[in-house]
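Rule-based calculations on the coordinates, nothing more; no lab input. This one's a predicted model, so the numbers in the text were calculated from it and none came from an experiment. Cβ placement follows ideal geometry from the backbone for every residue including glycine, while neighbour counts extend to all protein chains displayed.
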Amino acid sequence: MKTVAKTGNEAMAYAMKQINPDVVAAYPITPATEVVQIFSNYVADGEVDTEFVAVESEHSALSACVGASIAGGRVMTSTSSQGLALMHEILYIAAGNRLPIVIALVNRSLSAPINIHCDHSDTMGSREAGWMHLYCANSQEAYDSLIIALKTAEATAVPAIVSTDAFILSHAMERLEVLEDSDVQNFIGEYRPRFSALDLENPKTYGPLDLQDYFFEHKRAQIDDFSKVLDAYDKAAKDYAELSGRYYPALEEYKTEDADVAIFAAGSTADTAKEVVDDLRDQGRKVGLVRMRMWRPLPVEQIKKALTKFKAVAVMDRSDTMADFGGPVFLETRGMLYDSEEKPLITDYVYGLGGRNIKLTDIARVYDDIEQVAKAGKIEKLITYLGVRGEE
C-alpha cells in the first residue's frame, strides 16, 4: 500500500486502471470528464488492456457498455448529470439483462437552469432503475468503493453506480492510501460472466419482446436478485477491510450511542457534519450522525434500527421531489419508520442545490433546531430550505 495525493476524479480513474476492465465506453461531461480523460491516458500509455470506445453521446456510451457486457466483458464507464439522464433508458436495459456494469459518477445538478455544480438530483432521478448505488463522502472512499462495487456487482449480476459530489470531491486534492495493482486484481478476481452472446455452444436471445404472459415473473425475479445485494455488498466490504484496513458498511453511525438527536445525511456533507458533532459533543450536547452510504438497495432494517433510538432526526436532502412534501430521502425515511412502535420526530432540510455551500454553522443550526423539536415534542416546521435567500 502506498500514500498518494489525488482528486476524487483521479482516485476513481486510478481505481479503474487497477481494475483494468475489458471495455470502457464513454462520452465527456463536466465535472466527470476527467475520470475517462485520465483513464484514456492509461490506455494510450499501455498501462491497461482496455478497449476504450469514444462515442457520440452518453446514451451511446451505455449502449456500447451493454453490448460489451452481454459479450462477456468486464465493463465500466463514467458520467454526470445530463449524461446520466440521457442514459436513463439504457439503465433499465442493463439492469434487466443482469449486466454488472459499473459507473463512476459525479453528482451534478440537472438543468434547467444550466448548472455544473453539486446536488443529487441526477442519481435520485434514476433511483428505481435497478442499480446498486453508493454515495461517497471523500476521495479515499471513492477509490475504495469503486473496487468494492465492482466485486459486488459481478457477484450478484446487478450493475452499480458509485458517486462523488461535483467539485467538492471531484476536483479537490486529498491524501489517499492505494493498494498495489496485484492486490486489487486478487481481490476482484478473474471475471467469469454468467453468460456471453459469444458462446456459440449455448445460444441465447437478449432483449426479446416479453408481454403480459411472463413479463411480471421476469421482473419479479429481478427484484428478488436485487434484494440479495445487501448481503453480497457486506461480504465484499468486510473482505476489503481485511485487505485495506478500511471498512465501509452500508449504513454508518457516528457518536450515536447516547445521542438524543441525529442528522441523517449522505455524501460529503456527512464528513462535514462529523466536525460539527465533535464540536457540539465538546459542549456536552448529545448529538449524533447517521450516514447513508448505500441508497439502493435500501438497508431498511439497518436504518430503522439506527433511527428509532432518537427523539428527533433531521434528514438532509441534496435534491427535492417537487411534491411539496420533502426530498426523496425524507419521504422514504418516513415511510420506512411508519410501522415502528418507537419513532423519532422527523424534519427535512433541503440544502445545497446547484452547489450552494453548506457551512459548519448551517449544520450546527440544524442541530439547534432538532434539539428544540425533541424538547418541545412537536414539529413546528416540517420542511426547511436551508440557506435560501428569504427563507431564513
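Numerical summary
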quantity: Selection of GluC sites (Glu not before Pro), segment 254-321, meeting DSSP coil and at most 12 other Cβ within 10 Å; calculated: Glu257
quantity: Separation between Cα centres of segment 145-185 and segment 5-72, rounded to whole Å; calculated: 13
quantity: Descending semi-axes in whole angstrom, ellipsoid equivalent of segment 2-243, from the Cα gyration tensor; calculated: 27, 21, 18
quantity: Long-range amide H partners of Leu345 with built H, under 5 Å; calculated: Ala312, Val313
quantity: Residues with amide H under 5 Å from that of Ala197, placed H, sequence gap 5 or more; calculated: Ala71, Gly72
quantity: Helix axis angle, 139-156 relative to the chain longest principal axis, alpha carbon, degrees; calculated: 60
quantity: Highest-first arrangement of 361-367, 287-293, where packing means the average Cβ count within 10 Å; calculated: 287-293, 361-367
quantity: Tilt relative to the chain, helix 8-19 - C-alpha long axis, 0 to 90 degrees, to 10; calculated: 40
quantity: Kirkwood Rh, Cα atoms: Rg over Rh of segment 251-386; calculated: 0.92
quantity: Dipole moment magnitude, nearest 20 debye, the chain about Cα centre, only Lys, Arg, Asp, Glu C-beta charged; calculated: 640
quantity: Fraction of antiparallel bridges per DSSP, the chain only, in percent to nearest 5; calculated: 20
quantity: The chain: relative contact order in percent, alpha carbon pairs under 8 Å with at least 6 residues between; calculated: 16
quantity: Within the chain, helix-based [θ] at 222 nm, where runs of 4 or more DSSP H residues each add -39,500 (n - 2.57), nearest 500; calculated: -12500 deg cm²/dmol
quantity: Sorted peptide list for 66-73, 380-387, criterion being average Cβ within 10 angstrom, highest first; calculated: 66-73, 380-387
quantity: By average C-beta atoms within 10 angstrom, highest first, the peptides 229-241, 91-103, 212-224; calculated: 91-103, 229-241, 212-224
